[in-house]
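Q: Sharing a structure with you now.
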Amino acid sequence: MRIPPGQITTNKFPIMTFGSTPEINLDEWELRIFGSIRKEIILKWPDLQKFPKYNLSSAFHCVTQWSRMDNEWEGVLISTLIDSCNITEFPNNIMVHCYGGYTTNVQYSTLIQHKAVLAYKHNHKPLKPEHGGPLRLVLPERYAWKSAKWINGLEFTKDNNPGFWESRGYHMEGDPWKQHRFE
């Protein structure tokens, strides 16, 4: 497997987080899908588990120049989630919201192109809280800040607004193959 320019491979899985790891009770967890769609949708943890499981094998690239190869993720394919919720008309821009207040912007077309997953397992084990458990977005072919931890919302927006790191000078796309680290 090739790695992007400027990256170094590691077998470790470093913990990179701004702020503290939130304590999330699965009985209270919810995923809110809202914004420029016809009707807001709120999913609880048991609802999410009913969606078809999708397995993704991918590398994971951090903007700090490490890449962890051969990760196995299990979760729900974003396109399956959107189709299953009967969301048929929506803008291309999504602001991903997380417990703890973190956000990142992505485009739906990018999520579909790279088979993005809302992952709850990593290497066949439940995703640990320090790595984004119970649920994180995994967006292959983008730097890890786009694979946001502790997901609790997908907001469809008309404008491609910057998220947490993007508003602090990080690139709006975050493509490691193009070294999109900073604007």
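Q: Can you put Thr9, Thr104 in order of accessible area, largest first, using a 1.4 Å probe?
A: The residues order as Thr9, Thr104, largest area first.
Q: Sticking with this structure for a sec: Quote the Stokes-Einstein diffusion coefficient, in whole µm² s⁻¹, for region 1-56, based on the Kirkwood radius over alpha carbon pairs, a temperature of 4 °C and a viscosity of 1.567 mPa s.
A: Estimated diffusion coefficient is 82 µm²/s.
Q: Computed over the Cα atoms of region 122-183, what is the ratio Rg over Rh, Rh following Kirkwood?
A: 1.01
Q: Within 10 Å, at most 16 other Cβ atoms, and a DSSP state outside H, G, I, E, B define an exposed site. Report the longest part of the chain free of exposed trypsin sites (Lys or Arg not before Pro).
A: 54-114
Q: In region 42-93, what percent of the accessible surface is made up of carbon and sulfur (1.4 Å probe, ligands and nucleic acids excluded)?
A: Reported share for carbon and sulfur atoms: 48 percent.
Q: Rolling a 1.4 Å sphere over the protein heavy atoms, what is the accessible area per residue of region 112-165, to the nearest Å²?
A: For region 112-165, the solvent-accessible area averages 38 Å² per residue.
Q: Which of Glu89, Glu173, Glu72 ends up with the largest GNM mean-square fluctuation for the chain, with Cα atoms connected below 10 Å?
A: Of Glu89, Glu173, Glu72, the most mobile in the Gaussian network model is Glu89.
Q: Jot down the per residue volume, in cubic angstrom and as a whole number, of the convex hull over the alpha-carbon atoms of region 14-123.
A: It comes to 125 Å³ per residue, whole-number rounded.
Q: From zero up to wherever the largest Cα-Cα distance of region 42-90 sits, split into 10 Å bins and tell me the percent of pairs in each.
A: 21, 37, 28, 14
Q: Moving on to the next point. Give me the 1.4 Å probe accessible area per residue for region 33-73, excluding ligands and nucleic acids, in Å².
A: For region 33-73, the solvent-accessible area averages 53 Å² per residue.
Q: Under a 10 Å cutoff between Cα atoms, tell me which one of Pro46, Pro162, Pro134 has the largest fluctuation in the Gaussian network model of the chain.
A: Answer for the Gaussian network model of the chain: Pro46.
Q: Would you please report the Å³ per residue occupied by the convex hull of the alpha carbon atoms in region 36-183? Intermediate results must be reported in sequence, preceding the final value.
A: Numbers: hull volume 15.9 nm³, N = 148.
Measuring per residue, one finds 108 Å³ for the Cα hull of region 36-183.
Q: Further, regarding this structure: Once Rh is set to the Kirkwood radius over Cα pairs, what Stokes-Einstein translational diffusion coefficient, in µm²/s, holds for region 103-142 at a temperature of 20 °C and a viscosity of 1.002 mPa s?
A: This corresponds to a translational diffusion coefficient of 198 µm²/s.
Q: While we're looking at this one, here's another question. Which whole-number percentage describes the relative contact order of the chain, with Cα contacts under 8 Å and a sequence gap of 6 or more?
A: In percent, rounded to a whole number, it is 25.
Q: Another question, then. Using Cα springs under 10 Å in a Gaussian network model of the chain, which residue among Gly133, Gly169, Gly75 shows the largest mean-square fluctuation?
A: Comparing Gly133, Gly169, Gly75 in the GNM, the peak value goes to Gly169.
Q: Continuing with this model, one more query. Can you give the direction-averaged projected area of the convex hull of the alpha-carbon atoms in region 80-161, in nm²? Mind dumping the intermediate values first?
A: Details: hull surface 22.2 nm².
Mean projected area of the Cα convex hull: 5.6 nm².
The values are calculated or read from the model by the stated rules, or taken from the named source; none is laboratory data. Given the structure is predicted, the values throughout are model-derived calculations rather than measurements. Reconstructed Cβ throughout: ideal geometry from the backbone, glycine too, with neighbour counts over all protein chains shown. Just the protein is used for accessible areas: all its heavy atoms, side chains included, with ligands, DNA and RNA removed. Shrake-Rupley method; radii C 1.70, N 1.55, O 1.52, S 1.80 Å.
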